[in-house]
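Input: a single structure, listed below in C-alpha cells.
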Amino acid sequence: MFDRLRLAAAASGLALALGMVSPVQAGVAALPLRQNGGTWASGHVQGVAVDVKGGYVYYSFTNLLAKYDFSGKLIGTLVGWTGHLGDLDFNPADGKVYGSLEYKEDKAFYIAVIDVARLDRVGVEAGSSEIFRTVYLPEVVKDYAADLNGDGVFEGDDGKFKGDVVASPDHRYDCSGIDGVSFGPAFGQVDGKRYLTVAYGVYGNTSRTDNDHQVLLQYDVADWARYASPLTEAAPHRNGPAAVHGKYFVRTGNTRYGVQNLAYDEASRRWFMGVYLGQKPNFPKYGLYAVEARGKPVSGDLVGVSGPDGKGWEQGALLPLADDGLKDAATGVRGWNQKADVGLQPVGRGLFYLAVNARIDGKQTADLTLMRWTGDAQTPFVPATAEERDALAKAPAP
C-alpha cells in the first residue's frame, strides 16, 4: 500500500510541476484513506494536524509529537516535556504547528510553536532544540486562577482540591486550562486575516451553572516571535500577549474538559468543536458542535454566570450554534452524536480526518480515517473512498 501511495504522490507532484493541478488538488489526491500514528509509551492521542501541501501528519500524544508522511513513514518525534500537549493545528502562513500546552500546578498555559520542517529524526529533545518554543497566555491564567468564592485562597490542582479539582469553587467559567486550537477568520467573517483560536478546557462540575459555555479566545500571531521562548520547566516563563483579539462564548451545556478538538473548515466555513460528552441531565450529550463562521458575535447574557455584585448575568460576546444537526427540544442546542474528541482535522473539499484512540499492551496508538462530510443529522461523516477522494481532488476550487 505504501508503494502505491508513493507512486500516487509522485504522479501528483509531476502533474503539479506541469501546471496541471493546483497544490491543494495535488495534496488532496495524495491523502491516505487511513493511517496509524504508531504505538507509544505516552498519553493518549490528543489531536492531529495535517500539512496537505507538504504531505505530513502530526500527532499529539500528550508528551510526544510524532511526524509521519502520507505514505505512513515515521519522519521524527519530539519529546522531553512533562506538561499536557493537547490539540494541534498547522499554520500554512509560517509552516509551523501550534498546540495547547498546560502546566496546571504552575498556573502556566502556553501555545507551543513547533518548527516542524526541522523535525527530521526520532527522539528530538524539546528542551535542547530550537524547534520548540512557547508563548504564555495570561488571559487563560487569569480565569483559571480566579478566586471566585473570595476566601483569599485559590483552590485548584495544587491545593485543597488536588485529586478532586472538579469540586473546587474557584476557576472562572470553571476553566481547567486550554485544549482545542485552530486557525481561521475572525468570528462573524469568512475572509480576511486568520487568527489562532484557542478553546478553554472546562471542568465537568454538574452542580455549577457557570460552566455551560464553551470559551474561545482569538489571537493575532503576527508578532508572536517576540514572545516565543524556550520552555524551562523548572522556571516557567511568562512571555505572552497581554490582550486577546477577542473572547467569545458558545452555549452548549457543560462538556467535560471543554472543547477537546477545534477545527475551522474552509469548505463549509464552519468552526467544529469535538468534545468529551457532558453529564448534565438538562442538556443534550452531543460529541460534536458547530458554529457558522458568518455568525456574528452578539453581546448578551452568559446565563448561569453571575454578574457584578451577584446581580443578573455577566455579559459576553455570544456566538450562535449552527442551525444544523440534531436539535434538543428543551434547550434548542444542536449538534451531532459523533466522536471527534481526540483528532478532528478538515483537509479541504468536504474531507476530514477523524482519529480513534486505543490502548495496546499499556501503550497508546491512534487510527486516522479520511472521512467525507454528509450533512446528515444522524450520520454526519462516512469513510471516504479512493474514488471520492480522487473526484474531489480533480474538482475545481469552490
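The values are calculated or read from the model by the stated rules, or taken from the named source; none is laboratory data. Keep in mind that what you see is a predicted model, and the values were worked out from it rather than measured. Glycine gets a Cβ as well: all are built from the backbone with ideal geometry, and neighbour counts include every protein chain shown. Accessible surface is based on the protein model in full, side chains and every heavy atom, while ligands, DNA and RNA are left aside. Shrake-Rupley method; radii C 1.70, N 1.55, O 1.52, S 1.80 Å.
Select from region 66-92 the residues that are of a type in the set (D, E, K, R) and within 16 Å of the chain's Cα centre (by Cα) and list them in ascending order. Full working, then the answer.
So in region 66-92, the residues of a type in the set (D, E, K, R) come out as 67, 69, 73, 87, 89.
Result: Asp87, Asp89.
Return yes or no: is Gly43 assigned to a loop (DSSP other than H, G, I, E, B), more than 20 Å from the chain's Cα centre (by Cα), in contact (Cβ under 8 Å) with a residue 24 or more places away in the chain and under 17 Å from Gly343 (Cβ atoms)? No; evaluated as a whole, the condition is false for this residue.
So is Ala384 surrounded by 15 or more Cβ atoms within 10 Å (Cβ to Cβ), under 16 Å from Leu288 (Cα atoms) and touching a strand residue (DSSP E or B) at 6+ places or on another chain (Cβ under 7 Å) or not? I'd like the intermediate steps shown before the answer.
Numbers: surrounded by 15 or more Cβ atoms within 10 Å (Cβ to Cβ): yes; under 16 Å from Leu288 (Cα atoms): no; touching a strand residue (DSSP E or B) at 6+ places or on another chain (Cβ under 7 Å): yes.
Taking the combined requirement at face value, the residue does not satisfy it.
Given the structure, is Arg359 open to solvent by 70 Å² or more (accessible area, probe 1.4 Å) and among the basic types (Lys, Arg)? Here the answer is yes, as Arg359 does meet what is asked. When the residues of region 307-320 are filtered to those that are among the hydrophobic types (A, V, I, L, M, F, W, C) and open to solvent by 40 Å² or more (accessible area, probe 1.4 Å), the one that is farthest from Gly287 (Cα to Cα) is Trp313.
Of the residues making up region 130-153, those that are open to solvent by less than 40 Å² (accessible area, probe 1.4 Å), free of Cβ contacts under 8 Å to residues at least 60 places away in the same chain and not in a helix (DSSP H, G or I) are Ile131, Ala145, Ala146.
Evaluate region 270-278: report whether one residue or more is under 22 Å from Tyr98 (Cα atoms), of a type outside the set (D, E, K, R), open to solvent by 10 Å² or more (accessible area, probe 1.4 Å) and out of contact with any Cys (no Cβ under 6 Å at 6 or more places or on another chain). There is at least one residue in region 270-278 that is under 22 Å from Tyr98 (Cα atoms), of a type outside the set (D, E, K, R), open to solvent by 10 Å² or more (accessible area, probe 1.4 Å) and out of contact with any Cys (no Cβ under 6 Å at 6 or more places or on another chain). Kindly indicate whether any position in region 362-370 is closer than 24 Å to Asp179 by Cα, open to solvent by 10 Å² or more (accessible area, probe 1.4 Å), within 20 Å of the chain's Cα centre (by Cα) and not acidic (Asp, Glu). Yes, there is a match, as at least one residue in region 362-370 is closer than 24 Å to Asp179 by Cα, open to solvent by 10 Å² or more (accessible area, probe 1.4 Å), within 20 Å of the chain's Cα centre (by Cα) and not acidic (Asp, Glu). Just one of the numbered conditions (1) under 23 Å from Val275 (Cα atoms); (2) within 15 Å of the chain's Cα centre (by Cα) is not true of Asn63: (2). Among the residues of region 147-162, none qualifies, meaning not one is among the β-branched types (Val, Ile, Thr) and under 23 Å from the mean Cα position of the chain (by Cα).
A quick yes/no check of all residues on (1) touching an Asp or Glu at 6+ places or on another chain (Cβ under 7 Å); (2) over 18 Å from Trp373 (Cβ atoms); (3) modelled with pLDDT under 95:
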position	(1), (2), (3)
Tyr276	yes, yes, no
Asn282	no, yes, no
Lys285	no, yes, no
Ala293	no, no, no
Leu302	yes, yes, no
Gly316	no, yes, no
Leu321	no, no, no
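Residues checked against (1) open to solvent by 10 Å² or more (accessible area, probe 1.4 Å); (2) part of a strand (DSSP E or B); (3) not basic (Lys, Arg):
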{"residue": "Gly72", "(1), (2), (3)": "yes, no, yes"}
{"residue": "Thr77", "(1), (2), (3)": "no, yes, yes"}
{"residue": "Thr82", "(1), (2), (3)": "yes, no, yes"}
{"residue": "Phe90", "(1), (2), (3)": "yes, yes, yes"}
{"residue": "Asp94", "(1), (2), (3)": "yes, no, yes"}
{"residue": "Glu105", "(1), (2), (3)": "yes, no, yes"}
{"residue": "Ile111", "(1), (2), (3)": "no, yes, yes"}
{"residue": "Val122", "(1), (2), (3)": "yes, no, yes"}
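One residue alone among Val215, Val250, Val221, Val244 is at pLDDT 95 or above and more than 19 Å from Tyr144 (Cα to Cα), and that residue is Val221. Please state which one of Val79, Val48 is closer than 23 Å to Glu266 by Cβ and among the β-branched types (Val, Ile, Thr). Only one candidate qualifies: Val48.
Considering Val305, Val356, which residue is aliphatic (A, V, I, L, M) and under 29 Å from Trp40 (Cβ atoms)? If you could, list the steps in order and put the result at the bottom.
On the way: Val305 fails: under 29 Å from Trp40 (Cβ atoms).
Only one candidate qualifies: Val356.
Among the residues of region 58-68, is there at least one that is modelled with pLDDT under 95 and out of contact with any strand residue (DSSP E or B) (no Cβ under 6 Å at 6 or more places or on another chain)? No, region 58-68 contains no residue that is modelled with pLDDT under 95 and out of contact with any strand residue (DSSP E or B) (no Cβ under 6 Å at 6 or more places or on another chain). For region 244-268, a tally of residues being open to solvent by less than 10 Å² (accessible area, probe 1.4 Å) and hydroxyl-bearing (Ser, Thr, Tyr) returns 2.
Does region 6-27 contain at least one residue that is in a strand (DSSP E or B) and either modelled with pLDDT of 95 or more or at positive phi (or both)? Steps first, answer last, please.
Applying the first criterion (in a strand (DSSP E or B)) to region 6-27 yields none.
No, there is no match, as no residue in region 6-27 is in a strand (DSSP E or B) and either modelled with pLDDT of 95 or more or at positive phi (or both).
Scanning region 187-202 for residues that are in a loop (DSSP other than H, G, I, E, B) and either of a type in the set (Val, Ile, Thr) or crowded, with 21+ Cβ neighbours inside 10 Å (or both) turns up Phe187, Val190.
How about region 298-398: which strands (runs of 3 or more DSSP E) wholly inside it have at least 1 residues that are touching a residue at least 60 places away in the same chain (Cβ under 8 Å) and acidic (Asp, Glu)? Break it down into steps so the answer makes sense when it comes.
Numbers: elements: 298-306, 313-318, 344-348, 351-360, 363-373, 381-383.
Filter on region 298-398 gives 363-373.
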